[in-house]
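A.B. asks: Shown below is the structure under consideration.
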Amino acid sequence: MHSDQVRDAALLERCAAMLTADERARHDRFVFAKDRHQFLVTRGTIRSLAARYLGVDPAACRFEADRYGRPSLAHPAGAAFAFNLSHTAGLVACAIARGGEIGVDVEDTTRDAHGDLPRRFFSTAEADALEALPAGERQARFYEYWTLKEAYIKARGMGLSLPLDGFSMLLDGAGPPRIRFLPSLPDDAASWQFAQFRPTPRHCLAVAVRRRGAERTIHLREFTLE
C-alpha cells in the first residue's frame, strides 16, 4: 500500500470513522501530520484486508495488543486470521496467513545505514559477511539482513526480548534466505520460511512464516484502499 498516494478526503474520513476511542487518542498524539496520516492509512488497510478476508464489515473489526505490543484480531473472535504490519516512509506492508506465526518488515533503503549498526546488532557472521562485500553493495545488503531479522523477531511476537545477534540470516544465493540459531536462542530453523521482495526501487520487504509441514507459497500483492 503506497500510503503517501492516499489523499482522497472522503476515503480518509471513512478510515477515521472506524477508529476506536483508543486508536483516535493514539492518532491525535502524533505531532506531525505525516505520522497521523500514516497511522490512519495503516489502520484502514488492516481493517479493509480483514473485512475482505473474513467477509465482515471493516468497522466491526477490533484489535488488541499483547504485552509486547503485538496486535491481533479480537473481533470477530476465533477467526483464522494471523497478520503482521510494518510501515515506513511511503509504504504500508501487511502479511496475512491462516493462523500461525508470521512477520513482515519493510524499510526505506534510501536512508543511510550507519556503519556501527551491524557490529552492534547483527551476529558476528552477518557483520563479517557484510564487511567482506564491496563498499557499493553494503547498503542494499544491510537492509536485506535488517528486514529479514526484523520479520523473524516480529513473527515470534516477543519484541527485542529476542536478541538480534542470537541468530544469523544466510544469504549465500543458494535458494531463499535461511536462518541459523546460536545455542543461546533455541528454535527449529527448518520450520521457518522466508521471502524477500523489492516492492519499489527504494523499499526492501521481508516476510517470515513458520510452516507446519509443507512449504508455503508467499505472494506479494499490491493493495489499494477504497
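The values are calculated or read from the model by the stated rules, or taken from the named source; none is laboratory data. This one's a predicted model, so the numbers in the text were calculated from it and none came from an experiment. As a convention, Cβ positions derive from the backbone with ideal geometry for all residues, glycine included, and neighbour counts pool all protein chains shown.
A.B. asks: Restricting to the range 27-46, name every residue that is surrounded by fewer than 19 Cβ atoms within 10 Å (Cβ to Cβ) and under 26 Å from PRO199 (Cβ atoms).
C.D. replies: Of everything in the range 27-46, those that are surrounded by fewer than 19 Cβ atoms within 10 Å (Cβ to Cβ) and under 26 Å from PRO199 (Cβ atoms) turn out to be HIS27, PHE30, PHE32, ALA33, LYS34, ASP35, ARG36, HIS37.
A.B. asks: To continue, here is another question. What single numbered condition from (1) within 28 Å of GLY69 (Cβ to Cβ); (2) touching a Ser or Thr at 6+ places or on another chain (Cβ under 9 Å) fails to hold for SER184?
C.D. replies: Going through (1) within 28 Å of GLY69 (Cβ to Cβ); (2) touching a Ser or Thr at 6+ places or on another chain (Cβ under 9 Å) one by one, SER184 breaks only (2).
A.B. asks: Output the number of residues of the range 143-178 satisfying the condition of being in contact with a Leu (Cβ under 9 Å, 6 or more places away or on another chain), under 14 Å from ALA125 (Cβ atoms) and acidic (Asp, Glu).
C.D. replies: 1
A.B. asks: Tell me which helices (runs of 4 or more DSSP H) are completely within the range 1-85 and hold 1 or more residues being of a type in the set (S, T, N, Q) and in contact (Cβ under 8 Å) with a residue 12 or more places away in the chain, or say none if there are none.
C.D. replies: In the range 1-85, 33-54 are the helices (runs of 4 or more DSSP H) which contain 1 or more residues that are of a type in the set (S, T, N, Q) and in contact (Cβ under 8 Å) with a residue 12 or more places away in the chain.
A.B. asks: Residues of the range 162-199 being in a loop (DSSP other than H, G, I, E, B) and closer than 20 Å to PRO118 by Cβ, which ones?
C.D. replies: Result: LEU162, PRO163, LEU171, ASP172, GLY173, PRO177, LEU182, SER184, LEU185.
A.B. asks: So ASP112 clears everything in (1) surrounded by 13 or more Cβ atoms within 10 Å (Cβ to Cβ); (2) in contact (Cβ under 8 Å) with a residue 24 or more places away in the chain except one condition, right? Which one?
C.D. replies: (1)
A.B. asks: For THR147, only one of the following conditions fails: (1) modelled with pLDDT of 90 or more; (2) more than 23 Å from HIS87 (Cβ to Cβ). What is its number?
C.D. replies: It is condition (2) that THR147 fails.
A.B. asks: Any residue in the range 136-156 that is within 24 Å of ILE96 (Cα to Cα), touching a Lys or Arg at 6+ places or on another chain (Cβ under 9 Å) and not in a helix (DSSP H, G or I)?
C.D. replies: There is no residue in the range 136-156 that is within 24 Å of ILE96 (Cα to Cα), touching a Lys or Arg at 6+ places or on another chain (Cβ under 9 Å) and not in a helix (DSSP H, G or I).
A.B. asks: Taking the conditions exactly as written (on the phi < 0 side of the Ramachandran plot, in contact with a Phe, Trp or Tyr (Cβ under 8 Å, 6 or more places away or on another chain) and of a type outside the set (A, V, I, L, M, F, W, C)), does PRO176 satisfy them or not?
C.D. replies: When the stated conditions are applied, PRO176 passes them.
A.B. asks: Looking only at the range 170-202, count every residue that is under 25 Å from ALA89 (Cα atoms) and touching a residue at least 40 places away in the same chain (Cβ under 8 Å) and tell me the total.
C.D. replies: 5
A.B. asks: Checking the conditions here, which among SER123, SER161 is surrounded by fewer than 15 Cβ atoms within 10 Å (Cβ to Cβ) and either within 30 Å of HIS2 (Cα to Cα) or in contact (Cβ under 8 Å) with a residue 12 or more places away in the chain (or both)?
C.D. replies: Just a single option satisfies the conditions, and that option is SER161.
A.B. asks: Specify which of the listed residues (GLY173, GLY166) is modelled with pLDDT under 80 and surrounded by fewer than 19 Cβ atoms within 10 Å (Cβ to Cβ).
C.D. replies: Of GLY173, GLY166, the one residue that is modelled with pLDDT under 80 and surrounded by fewer than 19 Cβ atoms within 10 Å (Cβ to Cβ) is GLY173.
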